[in-house]
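Report on one structure; see the data block that follows.
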Amino acid sequence: MIVYSWKLNSYPQNMKNFFVLFTVLCFTALGACAQQDKSKRPSPPANVNVETSSGVTITIDYSRPSVKGRTVGKDIAPIGEVWRTGANETTTFEISKDVTIDGKALKKGKYGLHSIPGEGTSTIIFSKDWDQWGTKYDEKADVLRVDVPTVENSEFVEQFTITVDKEGLVQLLWGNYKAYFTVK
């Protein structure tokens, strides 16, 4: 009977390095495979991608939190406080050309989208910080702020939803509220 004994110390240094590297890579790959499927999150990701009639492509990536019996404007997305305008990672707003947002200039590019919900009027914030977790916000990174109408929505929307139509009308819908602005 032959008995094999495996001892790392019996191998040359380059083989030891190989075994260590191989082990690290295996655990890294297992960790990547075990990462949560974002579509299974309580606030799943969503994407809006529309080319407007004026030729601007608007792409919005966001996550969709649910009301779950809470009060929008009080328990969640409190009135008067900066909100991440979605859930999870920062909501991103990308435009393919220089545009105006309700008459205010915004250069072509990708932005973080935050908001300050309000009664009658909300503030939409376009930030140069877009690649981060949604609760991180620094006013110094603001590129543009636009005050937009906030109205009562005729239908209750359980899961936060962003829509964009061909004319560039962007609507943020959640609970009984709707805020909107136009991209031209």
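The values are calculated or read from the model by the stated rules, or taken from the named source; none is laboratory data. Please read these numbers as outputs of a predicted model, since none were measured by experiment. Because the Cβ atoms are built from the backbone with ideal geometry, glycine has one as well, and the counts that use them run over all protein chains shown.
If you check Thr23 against the conditions, is it out of contact with any Ser or Thr (no Cβ under 6 Å at 6 or more places or on another chain), modelled with pLDDT of 95 or more and of a type in the set (Val, Ile, Thr)?
Working: out of contact with any Ser or Thr (no Cβ under 6 Å at 6 or more places or on another chain): yes; modelled with pLDDT of 95 or more: no; of a type in the set (Val, Ile, Thr): yes.
No, not satisfied.
Would you mind telling me which numbered condition in (1) part of a strand (DSSP E or B); (2) modelled with pLDDT under 95 Glu119 fails?
Only one criterion in (1) part of a strand (DSSP E or B); (2) modelled with pLDDT under 95 is unmet by Glu119, namely (1).
When you go through Glu152, Glu81 one by one, which is the residue that is more than 22 Å from Pro44 (Cα to Cα), out of contact with any helix residue (DSSP H, G or I) (no Cβ under 9 Å at 6 or more places or on another chain) and assigned to a loop (DSSP other than H, G, I, E, B)? Break it down stepwise before answering.
On the way: Glu152 fails: assigned to a loop (DSSP other than H, G, I, E, B).
Within the list Glu152, Glu81, the selection yields Glu81.
Would you mention how many residues in the stretch 78-116 are more than 22 Å from Pro149 (Cα to Cα), of a type in the set (Ser, Thr, Tyr) and surrounded by 15 or more Cβ atoms within 10 Å (Cβ to Cβ)?
1
Tell me which residues, restricted to the stretch 158-184, are among the acidic types (Asp, Glu) and either touching a Phe, Trp or Tyr at 6+ places or on another chain (Cβ under 7 Å) or surrounded by 19 or more Cβ atoms within 10 Å (Cβ to Cβ) (or both). Can you show your working first?
Going residue by residue through the stretch 158-184, those that are among the acidic types (Asp, Glu) are 158, 165, 167.
Within the stretch 158-184, no residue meets the criteria.
Is it true that some residue in the stretch 32-43 is surrounded by 14 or more Cβ atoms within 10 Å (Cβ to Cβ), under 23 Å from Glu158 (Cα atoms) and either at pLDDT below 95 or touching a Gly at 6+ places or on another chain (Cβ under 8 Å) (or both)? I'd like the intermediate steps shown before the answer.
Let us first name the residues in the stretch 32-43 that are surrounded by 14 or more Cβ atoms within 10 Å (Cβ to Cβ), namely 41, 43.
Subset that is under 23 Å from Glu158 (Cα atoms): 41, 43.
Filter once more, so that each one left must be either at pLDDT below 95 or touching a Gly at 6+ places or on another chain (Cβ under 8 Å) (or both): 41, 43.
Yes, the stretch 32-43 contains at least one residue that is surrounded by 14 or more Cβ atoms within 10 Å (Cβ to Cβ), under 23 Å from Glu158 (Cα atoms) and either at pLDDT below 95 or touching a Gly at 6+ places or on another chain (Cβ under 8 Å) (or both).
Do you know which residues across the stretch 56-74 are farther than 15 Å from Ser43 by Cβ and either more than 15 Å from the chain's Cα centre (by Cα) or at pLDDT below 95 (or both)?
Val56, Thr57, Gly69, Thr71, Gly73, Lys74
Taking the stretch 117-137, which residues are surrounded by fewer than 20 Cβ atoms within 10 Å (Cβ to Cβ) and of a type in the set (A, V, I, L, M, F, W, C)?
First pass over the stretch 117-137, keeping only residues surrounded by fewer than 20 Cβ atoms within 10 Å (Cβ to Cβ): 118-121, 123, 128-133, 135-137.
Hits for the stretch 117-137 are Trp130, Trp133.
Would you say Gly112 is of a type outside the set (S, T, N, Q), in contact with an Asp or Glu (Cβ under 6 Å, 6 or more places away or on another chain) and at pLDDT 95 or above?
Judged against the criteria, Gly112 is a match.
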